[in-house]
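Bear in mind that the values in this text are calculations on the coordinates, not laboratory data. Only a predicted model underlies this, so the values are computations on that prediction, with no experimental measurement involved. As a convention, Cβ positions derive from the backbone with ideal geometry for all residues, glycine included, and neighbour counts pool all protein chains shown.
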Amino acid sequence: DQQVKQNSPSLSVQEGRISILNCDYTNSMFDYFLWYKKYPAEGPTFLISISSIKDKNEDGRFTVFLNKSAKHLSLHIVPSQPGDSAVYFCAASERNTPLVFGKGTRLSVIA
Amino acid sequence: NAGVTQTPKFQVLKTGQSMTLQCAQDMNHNSMYWYRQDPGMGLRLIYYSASEGTTDKGEVPNGYNVSRLNKREFSLRLESAAPSQTSVYFCASSDAGMDQPQHFGDGTRLSIL
């Protein structure tokens with residue numbers, strides 16, 4: 001049973017527009033959520049996180065929104081840049097347990 | 001600042017051969033992890049070590065063993081490689097709890113013929 005789902009395998013966005021990547025989860029015990037970015041031939045790198053006590057966290061061009069009642073989170077990138085083209089992984093965890101990752105969404109930002 | 005270092009970067013094995021993937025981190029992190037990434041499957045946890053001296057199974061442990069040699073090093077061993085173990089393997093580490101952001105190595109691409 002997949003606890004963290006990223007239902008869009010890919011997304012294409014024009015440079016300068018907003019990119020919205022979505023993630024759904026099934027485990028109501030999850031209390032910490034993260035987004036990772038991965039370029040080809042490199043390891044994933046941590047991008048941004050949010051605790052379940054918040055509904056929004058912002059870091060520069062990146063904002064993560066959490067809707068606990070819907071068990072849904074999203075990552076907004078504004079404005080999108082060609083260098084943002086990568087695979088984005090959503091991850092979630094209960095306190096002090098290993099992260100559970102989604103399958104990833106490949107973002108292509110078109111110049 | 002090296003972070004998490006994995007060796008080797010590439011390896012080709014024949015079915016039935018054994019192999020140890022090495023991982024070392026220089027961030028003084030307590031927890032270390034091994035993942036595999038397959039097309040369309042995301043990152044799946046093989047084994048993890050919450051702290052030096054402990055190891056636990058993750059989602060897909062069959063066919064693998066691990067050793068937490070010391071705080072810095074966490075190795076993954078394939079005793080008898082199978083084609084189904086062809087994958088990209090990532091090692092990661094984290095500090096102050098397993099639910100904290102993990103730092104990843106650049107991966108080992110392993111092909112088993």
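Relative contact order for region A:35-92 using alpha-carbon pairs under 8 Å, separation at least 6, rounded to a whole percent?
36
Given a cut-off of under 8 Å on Cα pairs at least six residues apart, what relative contact order in percent is computed for region A:1-101?
34 percent.
At a temperature of 4 °C and a viscosity of 1.567 mPa s, determine how fast region A:24-78 diffuses translationally according to Stokes-Einstein, using the Kirkwood radius over alpha-carbon pairs as Rh; express D in µm²/s, rounded to the nearest whole number.
Calculated translational D: 108 µm²/s.
Can you give me the relative contact order of chain B as a percent, contacts being Cα pairs under 8 Å and 6 or more apart?
Computed over chain B, the figure is 36 percent.
Straight-line reach from A:LYS103: which aspartates and glutamates fall under 12 Å, measuring Cα to Cα and dropping same-chain residues less than 8 apart?
A:ASP24, B:ASP38
Could you tell me the ratio Rg/Rh of region B:44-99? Both radii from Cα atoms, Rh via Kirkwood.
Rounded to two decimals, Rg/Rh equals 0.96.
Could you name the lysines in cross-link range of A:LYS56, using Cα to Cα under 20 Å and dropping any fewer than eight places away on the same chain?
The qualifying lysines are A:LYS5, A:LYS37, A:LYS68, A:LYS71.
In angstroms, what radius of gyration and Dmax does chain B have, counting Cα atoms only?
In Å, with Rg to one decimal and Dmax whole: 13.1, 40.
Across 10 Å bins from the origin, how do the percents of Cα pairs in the protein assembly as shown run, short distances first?
P(r) over the protein assembly as shown, rounded to whole percents: 8, 33, 35, 19, 4, 0.
Just for chain A, what percent of DSSP beta bridges are antiparallel, to the closest 5? Walk me through the numbers on the way to the answer.
Numbers: 36 of 41 bridges.
So the antiparallel bridges amount to about 90 percent of the total.
Average partner chain C-beta neighbours within 10 Å, per residue of B:32-40?
Mean shielding count: 2.
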